[in-house]
Each structure stands twice: as structure tokens, then as C-alpha cells.
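Quick notes on the structure that follows.
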Amino acid sequence: MDLTRAHPHPAPPSFNQQARLSSALSGRAAGAHAPRWYSIAVDFPGGVEEDLLRRALQDFVARHEVLRSGFHVASGTSRFVLEADEVVLEQWERGEYTSREGALAALKSMFDADTDPLTWPAYTFAAVLGTDCATLFMAFDHSVTDLHSLALAAVEIQRLYLARCGHEAPVSPPAGSFLDFCIEERHVSPARILGSVTRWRGFTEAEQGRLPRFPLHLGIDEEEDVPLTAEEIELCDATTADIFEARCRMAGGSLFAGLLAALGMISRSSSDQGVLRLLAPYQTRTPATRSALGWFVNAVPLELRMDGESNFDGLVPCARAAIRRAFEYLDVPFGLVERETEMQPFTGSGGWISYMDYRPYNVEDRPATLDAQILTNPRRGRELDIWISRTGRGVSVHARYPDNAVAKQNVRAYLRELEEVIDHLVIRDEGHRPTRVHKRGGVDPNGGSLRLEA
């Protein structure tokens, strides 16, 4: 598309976007291309009317300013924005595929090529049209969306398509502006920045100047990046999740606090450490940006101090306090902390733990996440990351870790222990015996590799 009609916009890149753009520019200078896209896959049973779907996608792009925004990076970084009526979706047929493998390979190639953060648009849409079902893939570079945004996208595109089918105006809340957020996130008082920097320094100094990780041996050298694999389990079904949540609340915390307490119990028994430190992504959305697409996530230092507690009931309040303490400087972007510390304490990579409840995302009283999956491209790294999702089906855990036999054995044992803690509590208190499904190397609504299992 001709970008000469684009208008300059005063919003700088968000700190997250700036880091992503810098990484992409460094990779381009070195001749490397490292795609980092997320795709939401939404099923439409019975198929779709292609023209109505195209119009719904046009409505979707018009609704969200971030999808009409990009960057000039030739000399410095400056943002531009296109008006809604200046964006036109172009449609191509990419071919017919008789095998699942061929279709997935074509999708991956398309997403790798068409989600470059240094060009606009840094996203693409693809529809796989079957005889009795259509699947829409909406793939975005991470600079455009976070996981919350993908769940929003799954809901919105269904709502917009249904409105087009019924010749009705869609009923949607105000979208909010990610670009306004990019301006506002830089307005942090020096005192708040200093407080956050002090917290991060103490957090990393306790780990000998490194970012923390799960206390597991993963079978690789600390400095090498290797291909990562995925381990997905259904931690508990919906009934078990409800029972476990009630048990957590009786102990004084949320379901996430209970899961963190359980991980603390396991880590303490395996490493004899009285503290579990991890990185956690938390949403920075406000009521005004609840329905906005964008990358509204800040990294926070999560520190669970067990203080001699060894049982679940005693650890849940500790976990609740750890989560609240992590929120204390949520308004201070990690990019500001990096700038103030000049990266000195933040050597190496760290382990992440995330929790997201997808149950609020509904279309016509139907859980959108039952018909959607979030997919990612294959990654490299050196740490274990755990992403916990709650849906109408229950709680699932997606673990991403180095693809070797040592890591696989230790991560699987770690997750089995987590299952056993929950099973013990639920069976002991309610007599309910959980059921679950294991999916080795597949994908769930919190990430994974785009593979045959997707």
C-alpha cells in the first residue's frame, strides 16, 4: 500500500515496541530474520461468506488505531497512522492444499514473511476454507498485540462477522487507544522510577546479578540458545478447578495464588530454597483500554518468600502477598528500569510464569476460546517458561523449555508434582477425582509452535 497518505503521529513506540524494533533492526543488520508472531485461529463451523468476512476484517482494522499505525525506521524511529478510510484489505488466493502438513507449512511461511515489525502492516490474515468449516488465522508481530489482544480479536471478529451477516451494526464497547498509552506510559515520576529500580536491583542481586529462573536443571550451557519445545497438560478439568479455587480462597488467596503456592512447595522440596523468584507479565490496561488492541504488558519481579512455611494453607497467603507486591510498581515500564540501570543487573534470560483467565471472552453466551487457538512460531532460548490458562474447560499449563532429554524429564516431573499437589488437595477435601488430558508438544491458548498438532 502507498504510505504517502500516512499522517505523522506524536506517539513514540511503547517501551516494548522499541525493544522489539531494536531487536529486529539488529537482526536485519546481521542478516538474520527472527519472526516473533502470534496467531489466533478461529473456527467458523459451516463455512463463511468470503466477502462478508473480508468486510468484517476491514471493520476490525478500522476499529483499532494500532492496526493502522506503523513506523518509519530509515533514520530514527517515527510513527505514522492511516485513517480508517485509507486502508483497503487486499485479497489473494494462495492455492489449494490436500494435506494438513502442506497447509500448515504455507501458513508458517506466510506469517514469517508478512509480520515484519519494520514494515507495515506487521500482520496478515488467512482463511482456510474447508468443505464444512472455515478457519480464520489472524497473525500479528508481537509489537502489535499481546495475548489479551488475541483473545479480544477472536471475540471481535466473530461479532463483526455476525453483524455483517445480519446486516446490523455491531455492538462493541469503545476500543480505546494504544497510541495514547504509548504517550502516557512515559509520564512516570522520578520517585516511582527510583522505587522500581531499587526493587529490581534487589531482586537481581539476590540471584547474583542475573534474572531468576525455575530451580530445574535443563541440560544446557547457561549461555547457549537452543530450539525450544512445548509441553502442554490439562492441569485440571472445570469441576476440579472450581473446587481448587474454593480451597485457595479458604486459605486466603486466589486460584493463581494457590498455583504459585503449589509451585513454591515443589521448588522448596527439590532445591531446599526458601524463596522462589520468577518474572511475571502483567496487564497494564485501564478501564479505558480494556477493549484496545496493543502490547499492554509490563514485566514485574515476583518473589515468593516461604518464611519457614511448608504446607499449602500457610503458603497461599505468602503467595497472595507476593503477587500484590509484584503489582506495586506496575506503572513503571521495564524499559525505564533498563535505561536507568544501563542493563548492568540484567544479565542472561529469566524464567517466566503467566496466568490468564479466558472465561470472560464470550460471543452470544458462547465461549469464544472454545473455538480458538493461539499459535506461535518456533522459538529458541535457554529457560523454562510456564503459561497457565483458565478456560471453560478447566486449567491448562503450557511449558516451553529447551528441547533435550534432560529438560524434558525434569519439566515433566515438575508438572506431575504440580498435578499431584492439586489432586491431593481436591481428593482430600471433596473426594473428587480429577480427569485430564496430556498433549505432548502441542499447542494451547497460551502459545506453542505451529506444527502438525496445531
Given the conditions (1) in contact (Cβ under 8 Å) with a residue 60 or more places away in the chain; (2) open to solvent by less than 40 Å² (accessible area, probe 1.4 Å), every one holds for Arg36 apart from (2)
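Each row is one residue, and each column tells you yes or no for (1) outside any strand (DSSP E or B); (2) open to solvent by less than 10 Å² (accessible area, probe 1.4 Å); (3) more than 22 Å from Val66 (Cβ to Cβ).
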site	(1), (2), (3)
Phe80	no, yes, no
Glu90	yes, no, no
Glu96	yes, no, yes
Asp116	yes, no, no
Thr119	yes, no, no
Thr124	no, no, no
Ala134	no, yes, yes
Met138	no, yes, no
Test result for Val144, within 24 Å of Ser172 (Cα to Cα), in contact with a Leu (Cβ under 9 Å, 6 or more places away or on another chain) and not in a helix (DSSP H, G or I): yes
Subset of segment 281-303 [modelled with pLDDT of 95 or more and of a type in the set (D, E, K, R)]: Glu303
Yes or no: Phe60 at pLDDT 95 or above and open to solvent by 10 Å² or more (accessible area, probe 1.4 Å)? no
Checked segment 63-76 for anything buried (at least 16 other Cβ atoms within 10 Å of the Cβ) and either of a type outside the set (Gly, Ala, Ser) or without any contact (Cβ under 8 Å) to a residue 60 or more places away in the chain (or both); matches are Arg63, His64, Glu65, Val66, Leu67, Arg68, Phe71, Val73
Could you please let me know if Tyr401 is modelled with pLDDT of 90 or more, touching a Gly at 6+ places or on another chain (Cβ under 9 Å), closer than 30 Å to Asn311 by Cα and open to solvent by less than 20 Å² (accessible area, probe 1.4 Å)? yes
Among the residues of segment 284-317, write down those that are farther than 30 Å from Ser177 by Cβ and surrounded by fewer than 21 Cβ atoms within 10 Å (Cβ to Cβ). Glu303, Arg305, Met306, Asp307, Gly308, Glu309, Ser310, Asn311, Phe312, Asp313, Gly314, Pro317
Looking only at segment 74-90, decide whether some residue is among the charged types (D, E, K, R), at pLDDT 90 or above and in contact with a helix residue (DSSP H, G or I) (Cβ under 7 Å, 6 or more places away or on another chain). yes
Residue tally, condition in contact with a strand residue (DSSP E or B) (Cβ under 6 Å, 6 or more places away or on another chain) and either open to solvent by 30 Å² or more (accessible area, probe 1.4 Å) or at negative phi (or both), over segment 39-51: 8
Unmet requirement for Leu278, which otherwise passes all of (1) at pLDDT 95 or above; (2) open to solvent by less than 30 Å² (accessible area, probe 1.4 Å); (3) more than 30 Å from Arg382 (Cβ to Cβ): (3)
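The values are calculated or read from the model by the stated rules, or taken from the named source; none is laboratory data. On a predicted model such as this, the values are computed, not experimentally measured, just so you know. Because the Cβ atoms are built from the backbone with ideal geometry, glycine has one as well, and the counts that use them run over all protein chains shown. The protein model used for the area step is the full one, side chains on, heavy atoms only, and it has no ligands, DNA or RNA in it. Shrake-Rupley method; radii C 1.70, N 1.55, O 1.52, S 1.80 Å.
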